[in-house]
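None of the figures in this text is laboratory data; all of them are computed from the coordinates on show. Given the structure is predicted, the values throughout are model-derived calculations rather than measurements. No Cβ is skipped: glycine too gets one built from the backbone with ideal geometry, and neighbour counts run over all protein chains shown.
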Amino acid sequence: MAQSQTWQELVAEKKLRQQASIPKEWILTNLPSQSELNITEFPEACGLLSAKDIEITNTHVGGLLEKLASAQWSSMEVTTAFSKRAIIAHQLTNCLTEIFIDRALARASELDAHLKATGKVVGPLHGLPISLKDQISLKGIESTMGYVSWIGKYAERNAVLVDALEALGAVLYVKTNIPQTLMWPETFNHVFGRTVNPYNRSLTSGGSSGGEGALMALKGAPIGVGSDIGGSIRIPSAFCGTYGFRPSTGRVPYAGSVNSLEGQDSLPSVLGPLSNSIGGIKSFIQGVFSQSTWLRDPNVIRKKWDEDEYRLVEHGSGKKLCFAIIWNDGQVVPHPPIIRGLEIAKKALLAAGHKVIDWKPLNHTKINGTATAIFGAGSAMDFSTVIAETKEPYISSMALDQEDFFDEQPVTAAEISAYELWQVHKRKRDLRQEYLEYWLATASETGTGRPVDALISPVAAYTATPHGKNHSAHYTMIFNTLDYPALVIPVSKVDQVLDQKKPVHEFLSKEDQANYELYEPGSFKDAPISIQVVGRTHEDEAVIAMAEIVDAALKAQRSGLKHAL
């Protein structure tokens, strides 16, 4: 990086390199106009994908792995199909950062040769393409993480997760877009620009794993990897209508990935999968847990996949579960589509023979306030230090008009002493203790002899919002602070008739009033509706199993409605 170059010149050069990494024959000249908002059907109609490409990219992970292992489909075929679809998705939503398809195809060829020569797969993810959020390091490839200052900094080694995925047989081929600093629930940065929502391009794809959400929604990857410190996997998953899983801290290796707020270990970010099926989530988690990554990342706990947990041995073997629904967090009442999504889930679970009760939130405002205090203790200095090298402006808003106007420096928070920060950490500890005891005490209410098996919660108080309007992560950050694993399930989409604005209610807060005033059904057209299934710390396998039960109930309900019609 030449010292005389401006940040704008660095960005221009980077964009040219990115464009050059796209195979020329995959650049489309028939893209829909910007006025066409829902472009989810375009990839299969654009003419670039063959009939086999479409069949491959519409196959869920289980089917893909079966056909790859039996050599019915080669890794070259599968990697090429998803690579083409990823490039289409990028041209529609601006979801990619690094594109290294030649490298991926060389890897796919090696895997095919291995299978042909030995008759055996390399591992349980043999030949499967997996996309990565930009911050996950691959040797020889940049991880700018949305910072101009990090352009030209090539990873000297793989992240531990990358080595684990390649040992499982995965093929890595693209990295996906994020916001500057990562600490936004939307996706926009100076280097790569804005990622939009495939269901309605006037809406955000969420963040910070917004590129992954958009890519997954357009079936440009069978599995993608995101990160989540306050909802950064779950928000894009919900906004883009995909499945996404925030594991407990210490289950998926993070070592070797770049990050914001490094050294802040009280509320660490975690890596986890996004997919278009829970089967994809399970395949990823089960595979990664099998890799003994605690031998390469000291922050990973020594715990492999627990089949008893997955079989819900401690939850009545899954026969009759008790779920508790969070209708609101005591601060903000969700929009009508979100309430309808919760009602759909409740009806489906009752029909499937499970029990559903209401959950009264405990100290959610205090818990989220504690997380904000921890993040804010050093974030301004962290961001300022990184952007100082190139003097790139700090992005102070995700609104559309901010693409031409930026603040020069982050807003500085009041500094606190180490002792004062310790008191915040102590408060977090005490709040987590109280919540655990509160959850366990529900054994007297469930009728099963057990505490509530899992919570069902909104992912946000709204579906995907217009750009710049997603100001809160309170419905997700709560579970980061408690360190509860949570899995997002798509339920429906905004319906202009069913999701009419409700009469004014007695507002719980100023934020509640602002949220109420934000909602107009027409502004949220086609936005996906999702829920999250939440369990207690390190019940990751159980949460996946219970999410499968919820998902199956929802699908059975939809199937029943179709038959009735």
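Shape class of segment 1-305 from the alpha-carbon gyration tensor: rounded, with the ratio a/c of largest to smallest axis under 1.5. In percent, rounded to a whole number, the relative contact order of segment 1-305 is 18, using alpha-carbon pairs under 8 Å and six or more apart.
By other beta-carbon atoms within 10 Å, ranking 511, 539 with the fewest at the front produces 511, 539. Please enumerate, by chain and number, the lysines with C-alpha under 29 Å from the C-alpha of residue 24, excluding those fewer than 8 residues away in the same chain. Within the straight-line cut-off, residue 24 pairs with 14, 15, 52, 84, 133, 139, 153, 175, 219.
Rg and Dmax of segment 132-211, both derived from C-alpha coordinates alone, stand at 13.5, 40 Å. Near residue 179, once Lys and Arg are set to +1 and Asp and Glu to -1 for all other residues with Cβ below 12 Å from its Cβ, the sum equals 0. As a rough guide to protection, the peptides 116-123, 477-484, 294-301 ranked by mean Cβ packing within 10 Å, highest first, stand as 477-484, 294-301, 116-123.
Restricting to bridges with both residues inside segment 1-305, how much of the DSSP beta-bridge set is antiparallel, in percent to the nearest 5? Within segment 1-305, antiparallel bridges account for around 70 percent of the total. Our summary gives the chain a relative contact order of 15 percent, counting only alpha carbon pairs under 8 angstrom and 6 or more residues apart.
Among 352-359, 465-472, the peptide with the highest mean count of other Cβ atoms within 10 Å heads the list, and the full ranking is 465-472, 352-359.
Annotated for segment 392-527: lysine pairs at least 8 residues apart or interchain, Cα distance under 29 Å, count 17.
Shape analysis of segment 165-296 places it in the oblate category; the axes a ≥ b ≥ c from the Cα gyration tensor give an a/c of at least 1.5, with a/b not above b/c. The order of 95, 322, going from fewest to most other C-beta atoms within 10 Å of their C-beta, is 322, 95.
Each other residue within a Cβ distance under 15 Å of residue 261 adds +1 if Lys or Arg and -1 if Asp or Glu, for a net charge of -4. Around the amide H of residue 325, modelled in the peptide plane, lie the amide H atoms of 357, 358, 359, 456, all under 5 Å away and 5 or more residues distant in sequence or on another chain. Let me know the shape class of segment 4-116, please: from the alpha-carbon gyration tensor, a ≥ b ≥ c as square roots of the eigenvalues, rounded when a/c is under 1.5, otherwise prolate if a/b is greater than b/c, or oblate. Oblate shape, in that a/c is at least 1.5 and b/c is the bigger or equal ratio. Put simply, when 131-144, 61-74, 279-292 are sorted by average Cβ atoms within 10 angstrom per residue, most first, you get 131-144, 279-292, 61-74.
Counting only Cα atoms, I'd like the Rg/Rh figure for the chain, Kirkwood definition for Rh. Reported Rg/Rh (Cα atoms, Kirkwood Rh): 0.94. Centroid-to-centroid, using Cα positions, segment 275-292 and segment 350-369 are 27 Å apart. Of all DSSP beta bridges confined to the chain, the antiparallel ones make up roughly 70%.
Arranged from fewest to most other beta-carbon atoms within 10 Å of their beta carbon, 375, 188 become 375, 188.
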